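Encoded as structure tokens, the structure appears first; notes follow it.
All of the numbers you see were taken from the coordinates with simple rules; none came from a lab. All values reported here derive from a predicted model rather than from experimental measurement. Quick reminder, even Gly has a Cβ in these numbers, built from the backbone with ideal geometry, and neighbours come from all protein chains shown.
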Amino acid sequence: MFSLPVNLDIHNVKKVYDDLLETVEQNIDSGEKKIVLDADNVEDVDAAGIQLLLALKQTCKKEKIEFKIKNIGETCKRLFLLSGVNFYKEG
């Protein structure tokens, strides 16, 4: 499981992208077909962070890798909804 940072924003999105890309490549190489992100620590997400997550979701779909984000707090859920994206499933 990959832990997302407290702030997923323009200031650190490049480093997070690089780390996530390495994780995805390792999973592809090992044959693992699942990426799980832990959003437990995330307090703030901006447009750059949302774009990063959307790009990762699309990459996983293309590579037939299951994509999940766990432990999404209410603040992040509201930000995602306001942005028109849903990285979680109710119920």
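Here are a few things to note about the model shown:
- Pairwise label distance in nanometres, Ser3 with Glu43, each label 7 Å out on the Cα-Cβ vector: 1.5 nm
- Cα-Cα pairs of the chain separated by more than 16 Å (percent): 51 percent
- On Cα atoms only, tilt of 13-30 relative to the major axis of the chain in degrees: 30 degrees
- Here the peptides 19-27, 51-59 are ranked by packing, the mean other Cβ count within 10 Å, and the order with the highest first is 51-59, 19-27.
- Gain in span if fully extended, Val36 to Gln58, counting 0.36 nm per residue against the direct Cα distance: 6.5 nm
- Each Cα pair under 8 Å and six or more residues apart adds its separation to the average, and for segment 2-83 the resulting relative contact order is 39 percent.
- Acute angle (nearest 10 degrees) that the helix 74-83 long axis makes with the longest principal axis of the chain, alpha-carbon atoms: 80 degrees
- With contributions of -39500 (n - 2.57) from each DSSP H run of at least four residues, the per-residue ellipticity at 222 nm computed over the chain stands at -16000 deg cm²/dmol.
- Between 0 and 90°, nearest 10: helix 47-62 axis offset from the chain longest Cα axis: 30 degrees
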